[in-house]
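The values are calculated or read from the model by the stated rules, or taken from the named source; none is laboratory data. Quick caveat: nothing in here was measured; it's all calculated off a predicted structure. Every residue, glycine as well, gets a Cβ built from its backbone with ideal geometry; the counts of neighbours run over all protein chains shown.
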Amino acid sequence: MQSKFRALSGALIMAAAAATSAPALADGEVNIYSYRQPFLIQPLIDAFAAETGVKANVIFASKGLGERIAAEGENSPADVLLTVDIGRLDGAKQLGITQPVSSDIVNENIPAQYRDPEGHWIGLTNRARIIYASRDRVDQDSITYEELADPKWKGRICTRSGQHVYTIGLIASMVAHHGEEKTEEWLAGVRDNLARKPAGNDRAQVKAINAGECDISIGNTYYMGKMETNDKEPEQKEWAASVRILFPNAEDRGSHVNLAGVVLAKNAPNKDNAVKLIEFLTSPEAQRIYAETNFEYPVTPGVEVSERVSSWGELKPDALPLADIAKNRKTASELVDKVGFDNGPAS
Amino acid sequence: MLRTPSLTIIDRFWQFAALLIATLVLLPVLAIAWLAFEPTGDVWGHLFLTVLPGSLQTTILLMLGVGLSTGITGVVTAWLVTMCNFPGRRIMDWALLVPLAVPTYIVAFAYVEVLDYTGPVQSFIRSVFGFQTSRDYWFPEIRSLGGAIFVMGAVLYPYVYLTTRAGFLIQSASTLDVSRTLGASPYGLFFRIALPLVRPATAIGVSLALMECLNDIGAVTFFGVKTLTFSVYDIWLNRSSLGGAAQLALAMLVMVLLLLWMERFGRRKQRFDSGGGSKHRPPTRFDLTGPKAALALIVCAMPIFVGFVVPALLLADRASRRLDDLFSPGFLETIWNSFSLAAAAALLTVVISVSLAYSLRLNNSGPLRGAVRLASIGYAIPGTVLAIGILIPMARFDNFLDAHMEAWFGINTGLLLLGSGTGLVYAYVVRFLAVSYGQVEGGFGKITPHLDMAARTLGRNSAQTLTQIHLPILRPVLLSAALLSFVDCMKELPATILLRPFNFDTLATTVFEAASREAFEEAALPSLAIVLVGLIPVIYLARSSATSFRTKQSKRQTAAAA
C-alpha cells in the first residue's frame, strides 16, 4: 500500500510539474483573454509593453472564453477580453462578466456610437464585410448584398459558415433593413447560388476563387492585407492577386461593418493595468498599428486608414445602429437553420 | 501483529478509494447534468424543427459508415495477417496499427489539402482535361459526410484490427483444424467458423472506433458535417444556451451507454470463449502464392497507405519547408508541454485504473461496480462539453478554497487548480480513463483468483498481494495502457484549448491555431511531431503484443515438451 501511495503522489508531483505558468497576479502584468488570433494582437501588446513596461499574458481560443471567465468567478485572472463582433461584445455584457470602464481618455478617443452607453464594452476597430471578386471572371465594379440572390451568380459564390458571427452579423443587418420574410427569401436565393457547401474561413474562400472554384466570396477587408503581405506563405499573395474588393451597396446605404472591441473583466485582478491597456488601445498610436499592421478601420477620429487599405477603395459604412444588429442576431441564426444555408446549394 | 482485523480495514480502504475516485471522475458528468436544468431560453422549439433531425440523421449515418468501414477493413486485414502466409506479412502485422498515431483532425486537414478543388489531385485532372472551373466536371466533395466517413475510417480501423487480431489468435486452432478436416474451404472457414467466433472481439473494436467518431469535433467542424457533437458545441457557443447544450450532451450519453454495453457484451462473450481454450497452438496459416499473395499484400497495404503514408508524406513535405521552426525555443517548449502533460495524465490514469479494477476484484458489490462503470463514460463526452463540466466544479472548488484560506490564514490561493495544468490533467484522466481501464481490467481478468487466494492464505494482505503478485504480472498491460492514454492525451484538442493556462501551447493547440488561419504549412511541423510521437508507443505496442504472444506460445511448447 505504501508503494501505492508513492505511485499516486509521484503522479501528482508530475501533474504539478506539468502545471507551468500560474496566472500572473503580480504588478506589472495584465492578463488578456482573446478571441482574436495571437498574430493580430501581438504588435499591439509589444507596443504596449514598450510604452508602459507592463507584460501581457495571453490565452487565445476561438470559442468559450466568456464561459470560462464566468465560471472562474471572483478569482478569474482575466483582466480584459478582446473580441470581435457586436454580438460577442454585447454577449459578454449579458453574461455579467464585465464592469464599466470610466475613463476620460477612452471617452475622448472613441465616438459614443462605438461604446456601450454604460461603458461595458468599447469598440476598437471596424472591419467591412465586403465582396472579393475574381479579377478574370467578374467585370462589374459595384455590387449589392441583395444582388447575391440573383440567379446570375448561380454556382459562383463561396462563403464561410452561415452560423459564423460575421455572417450572422451581415444577415442580422439584412433583417433590420428588409424584415424577416424578405431576408429569408434572399438567404435561400444566396444558398442556391453557392458553389459549394459553406466551409473554411474568409481566406479559404479567396483561395477557392484563385483556383477557379467560385467567382465571388464574402469576406472581411483586412484579410486582403494579411494575404498581400504574407511573406511566410507566399502562395497567399497569389490568392490575393487574383481578386479585387467590391464594397457592397456603396451607392445606397453603405457596406456592413462589424466592430472589434474589448471589455474590462468584472473581477480584473490588475484593473489599473487593464484600464491602461484599454486606454492605450484607443490611443492614436495603437489605432495606427491596427490600421497599418492589421489593415482595419480605426474608430478614433483623426487616425487615417493605411495606404494599402485606401487603395482598395472608399468604405461607406452602413449607418445602422449596432443595437439593431445585436437585436436581430437570433432571428438571423434561426433563418440560417431554416433555409439550410450551411447544407449548401440544393443539388 | 494481528493480520485478520487489519485485512478488513484495508479492504474497506480500497472500496472507499474506488468510490472517491469514481465520484471525482463522475463530477464533470454530474455538473453537466446539473447544467441541463439551467434555463434554456426558447431554443428548443426551433432546434427540434430545424437542427436536431438533421444532426441525428447525420450522426447515425456517420456511425454506420465508420462502423462498416472500420469493421470490414479491420476484420479482413486481421484475418489475412493471422491466417495467411504471404510476403511482407510480418511487416503488415504491426504496420497495420500505425494509422492509430494520426489524429482524425490532422488526417482531415491533410486530405482536404490533397483532394480539395485547389489540391494536387483535382489540379491534375483539370490540367489533363483542360477544365476551367468546378462546373465543368464532377469530383466527390471531401468536405462532406462521405469525406468524414472516409478519413475517420482511415485512422480508426486499427481499433478493430487490434481486437479482432487478438480474437483470431486466441481462437483454438483445433476448432479451425477440425472444420478443415471436415472439408471447409478457406472462405467457408472464414465466414462460417472464424467470423462468428471473433464477433465479440470485433464488437469491442468497433465500439471503441465509434466512440472516437462520436466524440470528434475537429474533423467534423472542418468538414462542415453537422453531427450531434457539432450541435452541442454550436448550441452552447453560437446560440449561447449552455442549458440546451447540456441537455443534448446528456441525450448523447445514452448513445454512448449503448456502445459501452455493446463493448461489455463483447468482452463477456470473449471471456467465455477463451475460458475453455487452454491448449493453444498457433493456427495453421494458409500459404498464399502468386496473384493471391499479391492481392493479400495490396489489401493489407491499402489502409496503411491511406491512413498513414499519404498524410505523413504530405505533412513531411510541408514541414520540410519550415524546418527552421524546429529549433525555435518556442517549438521545443511546446513539445515539452505536450509531453509532460500527457505523461502525467497517462501515469495518473493507470494508477486510477489499477485502483478501480483491484477494488472491484476485492469486492464486487453492486454500487461499486456501477460507479466504476459510470466512471468510464468520460470517454464519450465531447472534449468541449467535458471542459465545461470540469471548469464549473473546479472553479467553485478554487473559489471556495480561496475564500476559506483567506478567512482562516489570510492566504490568497486564487484559482489554485484551474490556473495551473491540473485542470488539463484532470480533463485528460476523465476523458481517457476508459481506454486504460479497459486494458487493466482485461489484464486482471486473465489472472486466476487462485493466485489471490494463495497469496492471502500465505499471509499477504490485499495491498501486498497487489504489489507483489498482480503488478509484476500486469507490467506489460500497464505499459500498454499508459502508452495508449499517453497518445490519446497528446492528440486531445478541444478541452486543451479551453482549459490551458496563460501563454501555454501544446502541439495540438499549435496545429489548431495555424489551421484556423488556413496556414497549413505552419501546422505541418507540429502535426508531424504529434504523429511521430504517437508512432513510438503504437509500434511498441504492436511489436510487444506480437512478441508476448510468441513467447507465450514457445513457453507452452517448452512446457508441453517437458
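For segment B:408-445, give me each residue that is within 13 Å of another protein chain (Cβ to nearest Cβ), touching a residue at least 12 places away in the same chain (Cβ under 8 Å) and either in contact with an Asp or Glu (Cβ under 7 Å, 6 or more places away or on another chain) or acidic (Asp, Glu) (or both).
Residues satisfying the conditions are B:Thr413, B:Gly414, B:Leu415, B:Leu416, B:Leu417, B:Leu418, B:Tyr428.
Please note which helices (runs of 4 or more DSSP H) are completely contained in segment A:155-225 and include at least 2 residues that are buried (at least 22 other Cβ atoms within 10 Å of the Cβ) and touching a Cys at 6+ places or on another chain (Cβ under 7 Å).
Because the criterion is at least 2 residues that are buried (at least 22 other Cβ atoms within 10 Å of the Cβ) and touching a Cys at 6+ places or on another chain (Cβ under 7 Å), the helices (runs of 4 or more DSSP H) in segment A:155-225 that meet it are A:202-211.
Got at least one residue in segment A:75-90 being within 25 Å of B:Phe512 (Cβ to Cβ), modelled with pLDDT of 90 or more and in a helix (DSSP H, G or I)?
yes
Determine, yes or no, whether A:Tyr114 is buried (at least 22 other Cβ atoms within 10 Å of the Cβ) and either in contact (Cβ under 8 Å) with a residue 40 or more places away in the chain or of a type in the set (Asp, Glu) (or both).
no
Just to be sure before I move on: is B:Ser480 surrounded by 18 or more Cβ atoms within 10 Å (Cβ to Cβ), more than 13 Å from chain A (Cβ to nearest Cβ) and more than 17 Å from B:Tyr358 (Cβ to Cβ) in the structure I sent?
yes
Can you tell me which residues in segment A:73-111 are of a type outside the set (Gly, Ala, Ser), within 22 Å of B:Ile32 (Cβ to Cβ) and touching a residue at least 40 places away in the same chain (Cβ under 8 Å)?
Residue satisfying the conditions is A:Ile97 alone.
Which residues, taken from segment B:139-163, are modelled with pLDDT under 90 and touching a Phe, Trp or Tyr at 6+ places or on another chain (Cβ under 8 Å)?
Hits for segment B:139-163 are B:Phe139, B:Ile142, B:Arg143, B:Ser144.
Listed residues A:Leu65, A:Leu81; which is closer than 30 Å to B:Ile411 by Cα and either within 11 Å of chain B (Cβ to nearest Cβ) or over 16 Å from the mean Cα position of the chain (by Cα) (or both)?
Of the residues listed, the single one that is closer than 30 Å to B:Ile411 by Cα and either within 11 Å of chain B (Cβ to nearest Cβ) or over 16 Å from the mean Cα position of the chain (by Cα) (or both) is A:Leu65.
Being within 13 Å of chain B (Cβ to nearest Cβ) and either under 24 Å from the mean Cα position of the chain (by Cα) or closer than 28 Å to A:Leu89 by Cβ (or both) is the requirement here; does A:Tyr223 meet it?
Yes.
Give the residue, chosen from B:Gln122, B:Gln132, that is free of Cβ contacts under 8 Å to residues at least 24 places away in the same chain, part of a helix (DSSP H, G or I) and within 12 Å of chain A (Cβ to nearest Cβ).
After applying the criteria, what remains is B:Gln122.
Looking only at segment A:42-57, how many residues end up being crowded, with 18+ Cβ neighbours inside 10 Å and either facing chain B (nearest Cβ under 7 Å) or within 20 Å of the chain's Cα centre (by Cα) (or both)?
Residues flagged as crowded, with 18+ Cβ neighbours inside 10 Å and either facing chain B (nearest Cβ under 7 Å) or within 20 Å of the chain's Cα centre (by Cα) (or both) within segment A:42-57 amount to 3.
Hey, B:Ile497 hits all of (1) assigned by TED's automatic domain parsing to the domain that holds B:Ala17; (2) surrounded by fewer than 23 Cβ atoms within 10 Å (Cβ to Cβ); (3) at pLDDT below 85 but one; which does it fall short on?
Checking B:Ile497 against (1) assigned by TED's automatic domain parsing to the domain that holds B:Ala17; (2) surrounded by fewer than 23 Cβ atoms within 10 Å (Cβ to Cβ); (3) at pLDDT below 85, the one that fails is (2).
Looking at (1) touching a residue at least 24 places away in the same chain (Cβ under 8 Å); (2) surrounded by fewer than 23 Cβ atoms within 10 Å (Cβ to Cβ); (3) within 14 Å of chain B (Cβ to nearest Cβ), can you tell me which one A:Ala133 breaks?
(3)
Check segment A:106-116 and report whether any residue there is closer than 27 Å to A:Ile245 by Cα, in contact with a helix residue (DSSP H, G or I) (Cβ under 8 Å, 6 or more places away or on another chain), at pLDDT below 90 and part of a helix (DSSP H, G or I).
yes
Any residue in segment B:178-195 that is under 25 Å from B:Met63 (Cβ atoms) and not in a loop (DSSP other than H, G, I, E, B)?
Yes; the residues of segment B:178-195 include at least one that is under 25 Å from B:Met63 (Cβ atoms) and not in a loop (DSSP other than H, G, I, E, B).
Would you please name the residue that is modelled with the lowest pLDDT, looking only at residues in segment B:446-477 that are surrounded by 17 or more Cβ atoms within 10 Å (Cβ to Cβ), among the β-branched types (Val, Ile, Thr) and out of contact with any Asp or Glu (no Cβ under 7 Å at 6 or more places or on another chain)?
That would be B:Val477.
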